[in-house]
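The values are calculated or read from the model by the stated rules, or taken from the named source; none is laboratory data. Keep in mind the model is a prediction, meaning the values are calculated, not measured. Because the Cβ atoms are built from the backbone with ideal geometry, glycine has one as well, and the counts that use them run over all protein chains shown.
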Amino acid sequence: MSGPGGRLPDDVLRELVRQAVARASLRRTAGEIGAWPSALRKFLNGSVPRESTRQKLHEWHTRVAGQAPHLSAETAGAALELLMDGLAARRRVQVRGRILSVLEAAHHDQQTGPPRWIAELRERRDGE
């Protein structure tokens, strides 16, 4: 699901920027991107960015994709366990694998790298 020229669609970029701003700040994220905070604010509010800003957004995404750990494997694993409450142990293993696969596929579809914790959770299960 990419835009023209294999680029991410603006709505996907917008969500990635929104997440980065939530972790840091608008000003800091704009600095990392190389854009003016006002241009970034307009983009987050739904405006179509100038081509130069869009290029900066794509370059930023390429630099930071998969680098920022949003969750630790421990936190993600605990969240999965809470979601699977009430399932038998054998069934949990199957459901956990399916959930991780769905998340990986969703990242693949939007052309973003999956979070590191997915691979870490898979490695832990394989090692048990």
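Could you list, in sequence order, all residues of the range 86-128 that are of a type in the set (Ser, Thr, Tyr) and under 17 Å from residue 73 (Cα atoms)? Full working, then the answer.
So in the range 86-128, the residues of a type in the set (Ser, Thr, Tyr) come out as 101, 112.
If the condition is that a residue be of a type in the set (Ser, Thr, Tyr) and under 17 Å from residue 73 (Cα atoms), then 101 is the only one that fits.
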Condition first: under 23 Å from residue 8 (Cα atoms) and of a type in the set (Lys, Arg). Can you find one or more residues in the range 35-44 that meet it?
yes
With (1) outside the structural domain of residue 23 (by TED's automatic domain parsing); (2) of a type in the set (A, V, I, L, M, F, W, C); (3) surrounded by 13 or more Cβ atoms within 10 Å (Cβ to Cβ) as the list, and residue 106 as the residue in question, which single condition is left unmet?
(3)
Scanning the range 114-128 residue by residue, the ones that are part of a loop (DSSP other than H, G, I, E, B) and loosely packed, with under 12 Cβ neighbours inside 10 Å total 1
In the range 93-111, anything charged (D, E, K, R) and touching a residue at least 24 places away in the same chain (Cβ under 8 Å) is listed as 96, 109
